[in-house]
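The values are calculated or read from the model by the stated rules, or taken from the named source; none is laboratory data. The structure displayed is predicted, hence computed values, not measured ones. Quick reminder, even Gly has a Cβ in these numbers, built from the backbone with ideal geometry, and neighbours come from all protein chains shown. When the accessible area is computed, the model is the full protein with side chains, heavy atoms only, and any ligands, DNA or RNA have been set aside. Shrake-Rupley method; radii C 1.70, N 1.55, O 1.52, S 1.80 Å.
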Amino acid sequence: MSEGQPTGAPPTGERPRVNVSRWVGRAILLALFVIFALRVWSLRGQGLLHPATPRGSLAPDVAGPLLVGDRFRLSAERGHPVALVFWAPWCGPCRAELPGVERVAQALKASPHTARVIAVDTEGDRDNALEAAAKLGLTLPIMLDDGRASSAYQVTMIPQTVIIDRDGRIAQLLRGGTSEDALMRAIEKVENP
Amino acid sequence: MKLDERIGGVLAAPRRTFARLGAGEARPSDIAWLIVFRLVSGELDRFARAIGTAREWGIGAAAQEMLVIATAVLPDVVAILAAGMLLQLFSRSKHAFDVAAYAWVPYLAVQLAGALLFSALRHSPGPHAQTAMQALGVAWALGVWIVALVELRRLPAEATS
């Protein structure tokens with residue numbers, strides 16, 4: 001493409017030259033607008049303004065292998081509250097949060113509690129999960145997610161905790177690192193509504 | 001120069017455009033608006049979900065989601081800052097950061113062309129196509145950045161400082 005087209009008015013009798021730069025710039029701005037319009041069009045009627053995990057809705061069933069033991073299936077836990085803690089071994093805030101989650105999980109084993117805590121490893125790599133569990137001293141059940149659980153709960157950031165009540169409905173969503181006390185309070189609130 | 005000429009000139013007439021941008025016609029807001037618009041159009045579904053999250057779980061949860069969405073353009077912003085620092089280092093121009101930001105335009109153009117092409121084909125780009133688009137965009141942006149460097153160094157000292 002040639003350079004040096006003048007931007008001023010052409011001399012009398014000369015054909016006006018096209019300012020290629022301006023047209024290329026307009027094409028870029030138009031392309032941005034067209035892509036925006038296409039996205040708006042494709043998102044119409046998808047209900048995206050409503051989250052996949054609205055409070056009180058039936059929690060999507062998730063299943064997967066446990067790090068230690070057989071398999072976990074959420075629907076089999078109906079009858080008592082469940083806290084799903086989404087995390088990954090590479091995630092710093094998750095590693096900071098998990099020892100507190102472990103203590104909550106241990107405390108919940110004693111009466112009168114009925115709730116269970118399941119750590120959902122969004123990376124799904126058994127070796128990495130084993131290494132992290134050993135370093136952090138985790139004994140709570142850890143489910144290895146192949147991506148379906150994270151997708152079902154639209155987990156866009158970790159750590160994230162979803163608390164599900166005894167009827168299998170979403171009761172609470174805790175985003176980001178949660179303190180041991182805050183997690184316990186949220187679970188007790190669901191245990192004793 | 002107007003906005004469309006400043007942006008289009010980077011692709012159509014880089015030498016002449018960078019000479020004028022380096023002489024003080026660069027507008028940092030041009031690229032800032034392009035980045036914001038690209039973020040909004042590229043991550044529209046996640047913005048919509050964040051609004052849904054705000055309705056259901058409160059502003060705090062939505063704000064966290066917004067921060068995650070904003071990281072989508074973090075590599076672009078870091079690359080622009082790095083390009084600006086290097087241009088400043090090698091050209092000593094006070095407009096180096098403003099000018100370097102325009103070197104991102106070719107990358108944007110490739111991404112837009114790819115997005116339009118795959119929208120027309122009605123399927124998502126595969127990993128090879130994505131890598132090819134990234135490589136082409138980065139190579140073109142690098143080439144344009146070198147042109148910017150040459151033009152800034154060629155400008156007389158009084159025009160750039």
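Restricting to region A:137-156, give me the number of residues that are assigned to a loop (DSSP other than H, G, I, E, B), in contact with a strand residue (DSSP E or B) (Cβ under 9 Å, 6 or more places away or on another chain) and under 20 Å from A:Leu173 (Cβ atoms).
Applying the first criterion (assigned to a loop (DSSP other than H, G, I, E, B)) to region A:137-156 yields A:137-141, A:145-147, A:153-156.
This time we only want the ones that are in contact with a strand residue (DSSP E or B) (Cβ under 9 Å, 6 or more places away or on another chain), so: A:138, A:140-141, A:145-146, A:153, A:155.
From the residues that got through so far, the ones that are under 20 Å from A:Leu173 (Cβ atoms) too are A:140, A:145, A:153, A:155.
Here the count works out to 4.
Taking region A:112-129 as the range and being polar (S, T, N, Q) and either over 18 Å from A:Arg78 (Cα atoms) or not in a loop (DSSP other than H, G, I, E, B) (or both) as the test, the residues that pass are A:Thr122, A:Asn128. Against the test of being surrounded by 14 or more Cβ atoms within 10 Å (Cβ to Cβ) and not charged (D, E, K, R), the options B:Ala115, B:Ala139, B:Ala120 yield a single qualifying residue, B:Ala115. The single condition among (1) open to solvent by 50 Å² or more (accessible area, probe 1.4 Å); (2) within 7 Å of chain A (Cβ to nearest Cβ) that B:Lys2 does not satisfy is (2). Within region A:44-72, the set of residues being at pLDDT 90 or above, in contact with a helix residue (DSSP H, G or I) (Cβ under 7 Å, 6 or more places away or on another chain) and open to solvent by 40 Å² or more (accessible area, probe 1.4 Å) comprises A:Asp61 only.
Note on region A:140-165: among residues that are within 20 Å of A:Pro65 (Cα to Cα) and free of Cβ contacts under 8 Å to residues at least 40 places away in the same chain, the one that is least open to solvent (accessible area, probe 1.4 Å) is A:Leu140. Pairs meeting the criteria (first residue in region B:68-87 and among the β-branched types (Val, Ile, Thr), second residue open to solvent by 20 Å² or more (accessible area, probe 1.4 Å), beta carbons under 6 Å, at least 6 apart or on different chains) are B:Val68/A:Thr156; B:Val68/A:Met157; B:Ile69/B:Glu43; B:Ile69/B:Arg46; B:Val73/B:Ile35; B:Val73/B:Leu39. Residues in region B:91-148 that are under 19 Å from A:Ala37 (Cα atoms) and polar (S, T, N, Q) were compared, and the one that is modelled with the lowest pLDDT is B:Ser124. Being small (Gly, Ala, Ser), outside any helix (DSSP H, G or I) and open to solvent by less than 40 Å² (accessible area, probe 1.4 Å) is the filter here, so list the residues in region A:77-105 that pass it. Hits for region A:77-105 are A:Ala83, A:Ala88. Residues in region A:87-130 that are touching a helix residue (DSSP H, G or I) at 6+ places or on another chain (Cβ under 7 Å) and among the hydroxyl-bearing types (Ser, Thr, Tyr): A:Thr114, A:Thr122. Just so you know, in region B:7-47 the residues that are facing chain A (nearest Cβ under 7 Å) and open to solvent by less than 20 Å² (accessible area, probe 1.4 Å) include one that is farthest from A:Val24 (Cα to Cα), and it is B:Ser41. For region A:83-95, indicate whether the set of residues that are touching a residue at least 24 places away in the same chain (Cβ under 8 Å) and over 18 Å from the mean Cα position of the chain (by Cα) is non-empty. No - not one qualifying residue is present in region A:83-95. Evaluation of B:Met85 against the conditions (1) buried (at least 17 other Cβ atoms within 10 Å of the Cβ); (2) in a helix (DSSP H, G or I) shows that the sole unmet condition is (1).
Checked against (1) more than 21 Å from A:Ala63 (Cβ to Cβ); (2) of a type outside the set (A, V, I, L, M, F, W, C); (3) open to solvent by less than 60 Å² (accessible area, probe 1.4 Å), A:Lys135 passes all but condition (3).
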